[in-house]
Structure formats: C-alpha cells, structure tokens
Amino acid sequence: MAKNISYSCSACGAVTTKWSGRCESCGEWNTIHEDKAISSGPKKKTLGGHRGKTINLTDLATEEKEPPRTHAGVGELDRVLGGGLVKASALLVGGDPGIGKSTLLLQAAARFARNGLKVIYISGEESSAQVQMRARRLGLTESPVQLASETNLRDILTTLETEKPDLAIIDSIQTMWADNVESAPGSVSQVRASAHELTNFAKRHGIAVIMVGHVTKEGAIAGPRVVEHMVDTVLYFEGERGHQFRILRAVKNRFGPADEIGVFEMTGKGLAEVKNPSALFLSDRGDPAPGSVVFAGIEGSRPMLCEIQALVAPSPHSQPRRSVVGWDGGRLAMILAVLESRCGVPFAGLDVYLNVAGGLRISEPAADLAIAASLISAREDAALPKDTVIFGEISLSGALRPVAQTENRLKEAEKLGFTSAISSHSHKKHATSGINLRQMTDLAGFVEEVFGAR
C-alpha cells in the first residue's frame, strides 16, 4: 500500500494531498512542503494496543469517572483549570508580551513542584541563568524545578522521554524548531508541527504539557487555529499595563467549565491571587457621579461586580464618535438605537464614550441595562445612588429579558454593602433579605421610573 504523504503551506498552514507550486488558499508561491512526522505511528494497524482499546458505552461505569488532578495550591489557578492539573493534558496559555505569562508559569511550576510533581521548565526565549534571576526575584530558588534552555524540538522530546517529568512547561511554542519542517521558527508550519508533536507526546507518555503562545495584534494566539483544537485547554492571560491586576481566562477546557476566570494582582514579588475580585474592581470608586453604574455580572461560575462609566458630550464633528473600552461596540450601537427608538432618548450630535473601569472586559448581555443606565445618567447629568447595582438584558423591542443566576448576583452585591438592585423582570422568587430589588418589564418604564419622564 502506498505511503500516505501530506503537504502543507508554510505561509498559511493549509494542508493538501499533493504538491503544487502555488498555494490554493493564500496564493503564495513555493510555500508547499512535505510533512514529515518526528514521532512514529503505531506499529499495529488495528486498535489492539492499550491506548486504542474499545469499550462499550454501558461499561463506562467501570472506568474512572473523574480524571485525577493535582492542585497547585493557588485557588485562582485551580479554579480556571477546573479543579487542578489533569495528567496527560495539553494546555495553551496566550497573552500580550510582557503581561506576565512567564512569571505566572514559573510560579505555577514552583507550586506544583512543592506539591510533589516533577517539573521541567524549558525556555526558548531566555537562558537558564535568566530564568534563575527571575526565580530569585520571586523568591522561588528553593523550589525543586528543573530548568533548560532549548529550541530544538527533537532534543526537547528526547530529554522529556529520558527525564519522565509529570509536568513540562514550554516557553514559548513560537520559538520551537522542528528539523523535519522546512520553514523558519515561528512560522505557521513550525508552530503547527511543534504543537502537534508536544500534544501527541503528552498523551502517549502521560505528561502534562503547558505551552506558551504569543498573540497577534487582534488578540488571538498567533499561528494556525488548529493549534487551539489540538490542545485540551486554552487560557488567555489578560490585563492592562496601567493596572496592577491580571485576569486568567479559560476559553476552552475539556476538564472543566469554559469562560472561568482567575484574578491576580501584579506585585514586586510576582503575581498574588485576588480572592475577592469585586472589592478590587470597586476599590477606587468615589462619590456618585453622572455616568457611573455598578453592574452585577457573572464571570464563569463566580459573581463579580464592576463599575461601568459613560461620558456623553456634544460633538463638534458631523459624525459623532462612539468609543468603547471593555465592551462590544456593536452592542453599544444597538442599545443607543433602542433608547432612541423605544424610549425617545436621542443621542444624535453627541459623542459617546463607554468604559469598563479597571480594564475588565465583559461580554454577557446582562450588562445591557447597566450600560443603558450609565448612558442616560451621563446624558442627563444625573447620578444614580451609590448603593445600587443594575443588571438585565435588553431586547430590540425595548423589553427587558430575565438573566441567569440572579440570586448569586444579589448575594454578591449584598456582601459588598449594596442595599438596592434594579433588574429585569423574572418569574422566579428571589430571597432578598438585605437588599431592595426592583424588577422592570421594559426599558421605557425603567427610564421613566429611575430618571423621570423625558
């Protein structure tokens, strides 16, 4: 039987079954190369090996129901991982340059090593001496972590096979170089081949592998999208350089909930976990001001309160500006249209600036009502009470739709000292022992009751 040969484009990563002078996907010339695998395939052609054995669906009760996990001892990190590190899993961590990815993973490596795991930290960007300098600054020199500086993928796999660690950290996947791929390090083909080999190695040898990935200008992990499909977990490390806190967000997790977040604070001794993020995001909030509203949101499985700020000013230009930080610009345009069409609150000729305080990024529709309240508050120069939280989803008809986990949002608000809440109408009864809850059915009624008829 003829050997299966595949070819890939070094520019865009497209895979074909035959060679051609020009890539049909991106149109580049002389970028098609034959793919050669480093790891050998299974010797048997059938699923007779241990890894490929088949079982009946009804026999799953005899298998392990939950994969064994190792806790890092850092509550925020364990929360994002879904309860701890899973054996033989592949993780991809992305983030902006200088955001603290290497610091986070070096601290995590030290924690896992102290908990009994054999950990190897392989850096392709720094020498071992430079990693030791960072470890000394973070106070991690006593941690039993093995360090290495290498970019050759074949040498790395050989070392891992010899040392047999429990956890290997690769910093970063863009610096890895596979000698069987005819392209420069960091190219699409190299990133795809390196990620495939490391993921395959993790599954075959039962080693957990964490790979660091750079991000593009658009904020996505650089390289082909298929890399994110290969791994079990994809984490994004986010934050603003002007703020001291960082957010570790899970966008994919086969062993836990997606969209879970962990909050860390950048200090002189590295990253410290924040056990009460709501208090952190509201710590700098002063006296009530027009355009300032507190939103009770849900990030993953945890409730979180944050401040939404809006500024509305007359525009000197024919086309008013719509500037958004931390929120979807398209959804802001929708809310402005609903306010003008259903409530008679015009924003024509007005510049609108919207900001989620602290650099936090929110995406859930439950923030619609809080954003509408901040916009009207800024336009009318009328401040809302400081002890009030707002949440609810707005439909195009102007009706307010109920949101999930209302009880958890109210409990978090009450814990931080808020005494009243405004939300969309819900048919469920909520226990509001220490908080006054007002439920609205439509946006027009909300505007009239809170700000008066306009």
Diagonalise the Cα gyration tensor of region 280-451 and give the resulting equivalent ellipsoid semi-axes, square root of 5 times each eigenvalue, largest first, whole Å. 25, 18, 14
Rg and Dmax of the chain, Cα atoms, in Å? 25.9, 80
By how many degrees, 0 to 90 and rounded to 10, does the Cα axis of helix 153-163 deviate from the longest principal axis of the chain? 80 degrees
Among the trypsin sites (Lys or Arg not before Pro) in region 188-236, which ones are in a DSSP loop with at most 16 other Cβ atoms within 10 Å of the Cβ? Mind listing them? 217, 225
Give me a comma-separated list of calculated 3J(HN,Hα) values for region 288-303, in order, Karplus coefficients 6.51, -1.76, 1.60 applied at θ = phi - 60°, integers in Hz, x for any Gly or Pro. x, 9, x, x, 9, 9, 9, 9, 9, x, 10, 10, x, 10, 10, x
May I ask for the distance between the Cα centers of region 103-132 and region 78-95, given as a whole number of Å? 15 Å
Student exercise, the chain dipole from Lys, Arg, Asp, Glu Cβ charges, in Debye to nearest 20: 1060 debye
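Run the helix sum for the chain: -39,500 (n - 2.57) per DSSP H stretch of 4+ residues, divided by residue count, reported at 222 nm to the nearest 500 deg cm²/dmol.
On the way: 11 runs with 116 residues, N = 454.
The helix-only estimate for the chain comes to -7500 deg cm²/dmol at 222 nm.
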Helix axis angle, 101-114 relative to the chain longest principal axis, alpha carbon, degrees: 70 degrees
Can you compute 3J(HN,Hα) from phi for each residue in region 306-323, using the Karplus curve 6.51 cos²θ - 1.76 cosθ + 1.60 with θ = phi - 60°, rounded to whole Hz and x for Gly and Pro? 9, 9, 10, 10, 9, 9, 10, 9, x, 9, x, 9, 5, 10, x, 7, 10, 10
Out of the total accessible area of the chain (probe 1.4 Å, heavy atoms of protein only), what percent is carbon and sulfur? 50 percent
Provide the per-residue ³J(HN,Hα) series for region 129-146, in order, calculated from phi with Karplus coefficients 6.51, -1.76, 1.60 and θ = phi - 60°, each as a whole number of Hz, with x at glycine and proline positions. 5, 5, 5, 5, 4, 5, 4, 5, 5, 8, x, 10, 5, 8, 7, x, 10, 8
Once amide H atoms are built 1.01 Å from N in the peptide plane, which residues 5 or more positions from residue 94, or in another chain, come under 5 Å H to H? 213, 235, 236, 237
Which percent of Cα-Cα pairs in region 316-370 sits in each 10 Å bin, short to long? 21, 52, 25, 2
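Compactness ratio of region 214-333: Cα Rg over 2.2 N^0.38 Å, N = residue count? Can you show the working numbers first?
Numbers: Rg = 17.5 Å, N = 120, 2.2 N^0.38 = 13.6 Å.
Cα Rg divided by the expected 2.2 N^0.38 Å: 1.29.
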Using DSSP, restrict attention to beta bridges with both residues in region 301-454 and report what percent are antiparallel, rounded to the nearest 5. 45 percent
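What number, in percent, do you get for the relative contact order of the chain if the mean sequence gap of Cα pairs under 8 Å and at least 6 apart is divided by its residue count?
Taking the mean separation of contacting Cα pairs over the length of the chain, I get 12 percent.
So which GluC sites (Glu not before Pro) in region 140-174 are both in a DSSP loop and have at most 13 other Cβ atoms within 10 Å of their Cβ? Write down the numbers at each step before the final one.
Numbers: sites: 142, 150, 161, 163; in loops: 142, 150.
Filter output for region 140-174: 142.
Checking the table 217/252; 275/411; 87/164; 386/428; 252/275; 101/203 against a 18 Å threshold on Cα-Cα, which pairs fail?
217/252; 386/428; 252/275; 101/203
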Roll a 1.4 Å probe over the protein chains and send me the accessible area per residue for the chain in Å². 49 Å²
Which of the aspartates and glutamates could be linked to residue 18 by a straight reach, that is with a Cα gap under 13 Å, when you skip same-chain ones fewer than 8 residues away? 34, 35
Using a Förster radius of 35 Å, what is the FRET efficiency between residue 251 and residue 35 based on their Cβ-Cβ separation? Nearest 0.05, please. 0.80
Let me understand region 78-212 better: what is its radius of gyration from the alpha carbons, and its Dmax, in angstrom? 14.1, 41
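The values are calculated or read from the model by the stated rules, or taken from the named source; none is laboratory data. Source: prediction; values computed, not measured. Cβ sites come from the backbone with ideal geometry, for glycine too, and all protein chains shown count toward neighbours. All accessible areas refer to the heavy atoms of the entire protein, side chains included, with ligands and DNA or RNA removed. Shrake-Rupley method; radii C 1.70, N 1.55, O 1.52, S 1.80 Å.
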